[in-house]
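Reading through the structure tokens given below for one structure.
The values are calculated or read from the model by the stated rules, or taken from the named source; none is laboratory data. In this text the structure is predicted, and so the values were computed from the model without any measurement. Glycine gets a Cβ as well: all are built from the backbone with ideal geometry, and neighbour counts include every protein chain shown. Side chains included, ligands, DNA and RNA excluded: accessible areas come from the protein's heavy atoms. Shrake-Rupley method; radii C 1.70, N 1.55, O 1.52, S 1.80 Å.
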Amino acid sequence: MEKFVITIARQHGSGGRLIGECLAKKMGIAYYDKELISLTAKKTGFATDFVKEVEEKQTSSFLYSIYAAATVPSVYEQARNAQFAVIRELADKGPCVIVGRAADSILRGNPNCVRVFIHAPMEERIRRARDDYREPMDNPEKDITKKDKSRAAFYNTYSEYPWGDIRNYDMALNSSIGIERSADIIYEYVKARFGL
């Protein structure tokens with residue numbers, strides 16, 4: 001099988017992680033999401049908790065910019081660069097599905113990369129966040145929007161186009177048709193593209 005990689009960017013609550021897992025199982029290929037944290041920690045020697053903190057830190061904050069300018073490269077950038085190197089290594093091993101972490105942008109020059117953006121209506125995202133992810137939410141729409149802004153801030157630091165901009169992706173898919181159906185549609189696209 002070809003060394004292709006499928007990257008999945010997604011709105012919070014859209015089911016992108018679940019779609020990625022389902023797709024990887026259907027295709028019998030590797031799946032990477034939270035595993036990237038431990039792989040990065042292993043590569044760098046940084047603690048797993050630190051790598052997770054780095055992932056969750058918004059790079060667009062003013063204080064972070066001051067800190068990053070004072071340390072060249074900062075430990076945060078070292079951890080991020082190591083994670084990006086892990087993403088490239090996994091893509092080279094192929095085939096696999098990688099969820100989040102600006103992987104589509106990191107692999108921009110890879111001709112065997114299929115870039116997918118998963119979105120859904122807000123009411124569907126709220127339902128999934130509550131039912132599937134079991135997230136406690138005081139103000140569901142505000143909480144989901146805040147998580148999307150955090151993803152966008154991270155992504156926009158490393159991408160030519162803004163997070164969610166269709167120019168970044170081969171496919172944008174509304175997941176309200178269901179997890180399995182969404183995975184099937186992506187699978188059909190990959191088969192057509194690579195002649196599988």
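Any residue at all in segment 118-125 that's within 13 Å of the chain's Cα centre (by Cα) and outside any strand (DSSP E or B)? Taking every residue of segment 118-125 in turn, none turns out to be within 13 Å of the chain's Cα centre (by Cα) and outside any strand (DSSP E or B). If you go through segment 155-168 and keep only what is within 21 Å of MET122 (Cβ to Cβ) and in contact (Cβ under 8 Å) with a residue 40 or more places away in the chain, you end up with TYR155, TRP163, GLY164, ILE166. Just so you know, in segment 139-175 the residues that are assigned to a helix (DSSP H, G or I) and over 19 Å from the mean Cα position of the chain (by Cα) include one that is modelled with the lowest pLDDT, and it is PRO140. Checking each residue in segment 115-151 for being touching a residue at least 12 places away in the same chain (Cβ under 8 Å) and β-branched (Val, Ile, Thr) picks out VAL116, ILE118, ILE126, ILE144. The condition (being under 30 Å from ASN81 (Cα atoms) and either modelled with pLDDT under 95 or open to solvent by 30 Å² or more (accessible area, probe 1.4 Å) (or both)) is satisfied by just one residue among ARG128, ARG181, ARG134, ARG101: ARG101. Annotation note: of PRO111, PRO73, the sole residue that is open to solvent by 30 Å² or more (accessible area, probe 1.4 Å), under 30 Å from ALA183 (Cβ atoms) and either modelled with pLDDT of 95 or more or out of contact with any strand residue (DSSP E or B) (no Cβ under 9 Å at 6 or more places or on another chain) (or both) is PRO111.
Screening segment 6-63 for residues that are in a helix (DSSP H, G or I), under 29 Å from VAL75 (Cα atoms) and among the β-branched types (Val, Ile, Thr) and picking the one that is modelled with the lowest pLDDT gives VAL54.
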